[in-house]
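Notes follow once the structure below has been shown.
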Amino acid sequence: GPALAGEVAEVAREAMRNAFRHAGATRVDVRLAYGPRELALEVADDGRGIDDAVLKAGGRDGHWGLVGMRERAARIGGRLSIDSSAGCGTTVGLVVTMARDTPPEARHV
């Protein structure tokens, strides 16, 4: 539904904003796979990566928007993963499993 799509789009936008604004990436690959049971988003960049200390602190002292991305993922029942190390780029993943007994038009929470 529109709410799910909106939250997923915001996570993608935040990850891309990080890649260009903070990580100095020159390449960002965005992949979205959508099936009846699962939605998977992956945003991978070749930037300088997020420092371990920032990741451990939840991103509060940086402008990485990690807290917001995690909150959005939780709101739609998704799992957010952030794979990053300084100098090696960052991959942000979001997987949302659809409830099997939920009709498509109701999948917006």
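The values are calculated or read from the model by the stated rules, or taken from the named source; none is laboratory data. Everything numeric here is computed off the predicted structure, so don't read it as measured data. A quick note on method: Cβ atoms are made from the backbone with ideal geometry, for glycine too, and the neighbour counts reach across all protein chains shown. When the accessible area is computed, the model is the full protein with side chains, heavy atoms only, and any ligands, DNA or RNA have been set aside. Shrake-Rupley method; radii C 1.70, N 1.55, O 1.52, S 1.80 Å.
Restricting attention to segment 1-29, the residues that are of a type in the set (D, E, K, R), touching a residue at least 12 places away in the same chain (Cβ under 8 Å) and either assigned to a helix (DSSP H, G or I) or open to solvent by less than 50 Å² (accessible area, probe 1.4 Å) (or both) add up to 5. Taking residues in segment 30-46 that are open to solvent by less than 80 Å² (accessible area, probe 1.4 Å) and modelled with pLDDT of 95 or more, and partners anywhere that are among the acidic types (D, E) and not in a loop (DSSP other than H, G, I, E, B), the pairs with Cβ atoms closer than 6 Å and at least 6 places apart or on different chains are A44/D29. In this structure, is G65 modelled with pLDDT of 90 or more and either surrounded by fewer than 16 Cβ atoms within 10 Å (Cβ to Cβ) or touching an Asp or Glu at 6+ places or on another chain (Cβ under 6 Å) (or both)? Here the answer is no, as G65 does not meet what is asked.
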